[in-house]
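Worksheet: the structure to be examined is printed underneath.
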Amino acid sequence: MSETEPVTILQRHLRLPYTLSPGAMQAKFMTAVREEGKIYGNRCTQCRRVIVPPDIACALCWADTEGWVEVADRGVVKTFTIMRVPFYGQQIEIPYCIAQIVPDGADGAIMHLLQEVAAEDVRIGMRVEAVWGAGTRTGSLADDIEYFRPTGEPDMPIDELIARGWGL
Amino acid sequence: MSEQAESGARTIEIEFPYTSATGHAVGVFLTAFRDEKKILGLKCPQCGRVVVPAQDYCELCAADMSQWVEVGQEGTVVTWTVVRRDHVLYPHPAPFAYAMVRLDGADTCLLHTVLARDYDAIQPGARVRAVWKDERTGHIRDLDHFAPIEEQPS
């Protein structure tokens, strides 16, 4: 026997590589992000909300959607969470903030990282803007927008946020 | 934009890095792999079977097992399947075979791999011998594969 310690631990590294089709609507959205650097939504035929990312049906009304509506790459923090726990593969320095952001002109929200702001200073209603990456765009907002950052504009008042139905 | 460009197929890779305890029997079994290139089994005090790979209890009798037995480096292919397509999770590039190998002196089969020149020539009862890695870490794949004995240079 060698003088090394007995084996007591198993290391197993399982990997699940997926290739996914995003479907026709998401593909059109992603193609616009990649080719135009623009964010689009569509509109519910019943409640008239502008849904971002676009979907084939409204998640609230179950009604069909229509149209193709350009929205801004800046907007309002609808809600957020702060990551304080380290985990395997973490790329971002903790604590950091992941927010749901309602782009101007939209009612639906996209989820993204907030930076250039201390996590504890993030507020619901805060105005933020996208910082696009300099590299080749892929069509995925998660990849092509590096993060969102505060614009310094006045917050959207909570009452207005609730009146727009974003408290859901 | 081409149709292909609009398909937007994405590749996502999810990883699960696990660290778990081997338990006693498997720990001893893998330590012998790493340090001695030996394959150990445990003999059941009740049914007398030699169980490889080692486990703490006999799965037939539920009896505690503590009598260690070294089994052979050679054994017999009981059943097998040939893998002809590559996959990232597979231990070898295709083609290779997964095989249940009953080692000499053992009463159970070890699930492992067989690398052969001719997979059509594998027969039930084919004799194989363990081929070890030079750098061993205390893992089932310290035993790199089994090779048909008749194919090895003598």
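Computed from the coordinates by the stated procedures, all read-outs in this text should not be read as laboratory data. Everything numeric here is computed off the predicted structure, so don't read it as measured data. A quick note on method: Cβ atoms are made from the backbone with ideal geometry, for glycine too, and the neighbour counts reach across all protein chains shown.
Couple of notes before you dig in:
- Between residue B:127 and residue A:87, the modelled label-to-label distance comes to 5.4 nm, taking each label 7 Å out from Cα in the direction of the beta carbon.
- Between A:56, A:103, A:39, the Cα set farthest toward the positive side of the dipole of chain A (charges on each charged residue's Cβ, about the Cα centre) is that of A:56.
- 11 Å cut-off, amide nitrogen to a point 7 angstrom out along residue A:155 Cα→Cβ, residues in segment A:76-96: A:77
- Sorting the segments A:92-101, B:83-92 by their residues' average number of neighbouring beta-carbon atoms within 10 angstrom, most packed first, yields A:92-101, B:83-92.
- Reachable lysines from residue B:133, criterion Cα separation under 28 angstrom, eight or more residues apart if same chain: B:37, B:38, B:43
- Within chain B, helix-based [θ] at 222 nm, where runs of 4 or more DSSP H residues each add -39,500 (n - 2.57), nearest 500: -3500 deg cm²/dmol
- Mean separation of Cα contacts under 8 Å (6+ apart) over length of chain A, as relative contact order %: 19 percent
- With the simple spin-label model, which puts each label point 7 Å out from Cα in the Cβ direction, the residue A:60 to residue B:141 separation comes to 5.1 nm.
- Within the shell of other residues whose beta carbon sits under 13 angstrom from the beta carbon of residue A:146, the net charge comes to -3, with Lys and Arg scored +1 and Asp and Glu -1.
- Treating r as the C-beta distance of residue B:88 and residue B:38 and R0 as 35 Å, the FRET efficiency rounds to 0.70.
- Rounded to the nearest 20, the Cβ-based charge dipole of segment A:24-163 about its Cα centre (Lys and Arg +1, Asp and Glu -1) stands at 260 debye.
- Cα gyration tensor category, rounded, prolate or oblate, for the protein assembly as shown with a/c compared to 1.5: prolate
- Gyration tensor (alpha-carbon) shape descriptor, segment A:24-163, a/c threshold 1.5: oblate
- Once the Cα atoms are used to define both axes, helix A:24-36 deviates from the longest principal axis of chain A by about 90 degrees.
- With a 10 Å cut-off around each Cβ of B:12-21, the average count of Cβ atoms from other chains is 5.
- DSSP bridge orientation in segment B:33-154 - percent antiparallel, rounded to nearest 5: 95 percent
- Partner shielding of B:59-69 amounts to 0, given as the average count of beta-carbon atoms from other chains within 10 Å of each residue beta-carbon.
- Net charge of neighbours whose Cβ lies under 13 Å from the Cβ of residue B:61, counting Lys and Arg as +1 and Asp and Glu as -1: -2
- Nearest-ten-degree value, helix B:24-36 long axis tilted from longest Cα axis of chain B: 80 degrees
- Sum of -39500 (n - 2.57) over DSSP H runs of 4+, divided by residues of chain A (222 nm, nearest 500): -3500 deg cm²/dmol
- The packing ranking of peptides B:72-82, B:111-121, highest mean first, is B:72-82, B:111-121, where packing means the average number of other beta carbon atoms within 10 angstrom of each residue.
- Residue by residue along A:16-23, Cβ atoms of other protein chains within 10 Å of the local Cβ number 5 on average.
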